[in-house]
Amino acid sequence: MMSDETPFVDLPAALVEELIGQTVEVSEALLETFKKVKEDKEAFRKNLADADIVRHDSSLGYPPQPTTCATDGSYGIERLLTADLIAAAAVAVEGLTPPSEKRHWDQPTHLSYIKSETHHPDTSTIIRAIMIGSELLLANKAPHDVIMIDGSLTLPIIYFNQAISKASETRSLQCSKDFIQRVPSFLEAYVAILRSDRTDKNYIGLPKYSTRREIGTELGWPAEYDDRGILTFLLSPGEFTQPRRMEQPEQQWHLYTSSLPAAVRERAAQLAEEIVLRLEQVVILYYKPHEWIPALRIEIPAVIASNAYRLAIILQGIKHQCATSSMLEPYPIYLADRTVKSLSRAIPAFRQVTTQRISEKYPGKIGDIIFAMHGYRSESGRK
């Protein structure tokens, strides 16, 4: 089995040599990109200054260090000969505890889902929505001052839309039934996060990868520069960009609920309407807390962005959780990410345990069980 230490062990030598040879061309192309960024850096920095976009976190004051946590999730599917073994998990991990505070949790909290399912190509769409819905539930229940959600605040509506469509077509699947039943609670948690009514609970989305260009578009920067990449080189430690409205999609946000069963449709439709309204009000900013951290894209509900104290709490929390150069992201985001990455690697172990238990009770040939529970393909995913 290939590992991180031996990435080429299962590849033909000729293929490895060809790929390594092609890295020369790739390296030259990247070098030219870096040179161009260096040449444009001074002009772009002047653009930021002229537009009065950049502020320093010290301008917001120094609130007490807040308590923090982060949520993340993953899912996995083991495609067996006779069925599929599906699993999803969401975790919430507490950040470094401020000196004046006590820990809220002794260990990470979690929600899990595991089922055997008949073969179907859309299972991954459903299980992925259960995953992200579970993350929202954990985030909404977290008692911390700053709750970081790994990913964009817009991602749940995309996953829910896809899953509602597929679940309505595959109601014979147990995961579809379970997802439809949980839709109202998932959407209620989503609305609570986007509202952020409580001043002692501040929700933020932290997407690791983003091609958004709100600032680049505003300042007329070349299209090949995405905001997070270029601002990593432009911002100094402690600087952040003034909050501005998040770039909206070409088509208005929507959440189709008409195909849901009558028992949940009306409530889901009410929540969907508010979700769309709240997403249109989400704002973004970029923040570089330390020299060793790339600029972080932070998505926040408008009600938080308009409150200087709540904004200061968020930046203070992020800065405190980025206290070491060994991690290029806030500590609880890093730890939650590591935790959920283990799920996909654990699915084969779940299959082996299940196989053993079936074998102990099955009255027929053990060979039948071995064939039926043989894993032919594994799928896994995160955000």
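The values are calculated or read from the model by the stated rules, or taken from the named source; none is laboratory data. None of these values were measured; they are calculated from a predicted model. Quick reminder, even Gly has a Cβ in these numbers, built from the backbone with ideal geometry, and neighbours come from all protein chains shown.
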Could you check the range 288-314 and list, in sequence order, the residues that are touching a Phe, Trp or Tyr at 6+ places or on another chain (Cβ under 8 Å) and either assigned to a strand (DSSP E or B) or not assigned by TED's automatic domain parsing to the domain that holds Asp200 (or both)? Lys288, Leu296, Arg297, Ile298, Ile300
All but one of (1) farther than 23 Å from Pro249 by Cβ; (2) touching a residue at least 40 places away in the same chain (Cβ under 8 Å) hold for Arg171; which doesn't? (2)
Filtering the range 75-96 down to residues that are of a type outside the set (Ser, Thr, Tyr) and part of a loop (DSSP other than H, G, I, E, B), which residue is surrounded by the fewest Cβ atoms within 10 Å (Cβ to Cβ)? Leu81
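Listed here are the residues, each with its yes/no results for (1) within 20 Å of Val54 (Cβ to Cβ); (2) free of Cβ contacts under 8 Å to residues at least 40 places away in the same chain; (3) surrounded by fewer than 14 Cβ atoms within 10 Å (Cβ to Cβ).
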position	(1), (2), (3)
Thr241	yes, no, no
Ser259	no, no, yes
Arg265	no, yes, no
Glu299	yes, no, no
So how many residues does the range 182-222 have that are without any contact (Cβ under 8 Å) to a residue 40 or more places away in the chain, surrounded by 15 or more Cβ atoms within 10 Å (Cβ to Cβ) and either among the hydroxyl-bearing types (Ser, Thr, Tyr) or part of a loop (DSSP other than H, G, I, E, B) (or both)? 1
Does Asp72 qualify as being under 30 Å from Val146 (Cα atoms), at pLDDT 90 or above, surrounded by 12 or more Cβ atoms within 10 Å (Cβ to Cβ) and of a type in the set (Asp, Glu)? yes
Output the residue which, of all residues in the range 212-238 that are farther than 13 Å from Ile298 by Cα and acidic (Asp, Glu), is farthest from the chain's Cα centre (by Cα). Glu218
Can you tell me how many residues in the range 142-161 are at pLDDT below 95 and in contact with a Ser or Thr (Cβ under 6 Å, 6 or more places away or on another chain)? 0
The condition from (1) assigned to a strand (DSSP E or B); (2) within 20 Å of the chain's Cα centre (by Cα) that Ser124 misses is numbered (1)
Determine, yes or no, whether Pro99 is under 24 Å from Tyr287 (Cβ atoms) and either surrounded by 13 or more Cβ atoms within 10 Å (Cβ to Cβ) or in contact (Cβ under 8 Å) with a residue 12 or more places away in the chain (or both). yes
Residue check: is Ala167 within 20 Å of Glu266 (Cβ to Cβ) and crowded, with 16+ Cβ neighbours inside 10 Å? yes
Scanning the range 131-143 residue by residue, those farther than 13 Å from Ala189 by Cα and surrounded by fewer than 24 Cβ atoms within 10 Å (Cβ to Cβ) turn out to be Pro143
Does Leu328 satisfy being aliphatic (A, V, I, L, M), free of Cβ contacts under 8 Å to residues at least 40 places away in the same chain and either in the same structural domain as Asp226 (by TED's automatic domain parsing) or assigned to a helix (DSSP H, G or I) (or both)? yes
Taking the conditions exactly as written (of a type in the set (Ser, Thr, Tyr), farther than 20 Å from Tyr286 by Cα and either in contact (Cβ under 8 Å) with a residue 12 or more places away in the chain or surrounded by 10 or more Cβ atoms within 10 Å (Cβ to Cβ) (or both)), does Thr6 satisfy them or not? no
Kindly list the number of the only condition in (1) part of a loop (DSSP other than H, G, I, E, B); (2) surrounded by 15 or more Cβ atoms within 10 Å (Cβ to Cβ); (3) aromatic (Phe, Trp, Tyr) that fails for Phe160. (1)
Could you tell me how many of the residues in the range 277-287 are more than 21 Å from Gly216 (Cα to Cα) and either without any contact (Cβ under 8 Å) to a residue 24 or more places away in the chain or assigned to a loop (DSSP other than H, G, I, E, B) (or both)? 1
Thr33 part of a loop (DSSP other than H, G, I, E, B), within 30 Å of Pro330 (Cα to Cα) and β-branched (Val, Ile, Thr): no
Hey, Asp106 of a type in the set (D, E, K, R), under 19 Å from Ile314 (Cβ atoms) and assigned by TED's automatic domain parsing to the domain that holds Glu239 or not: no
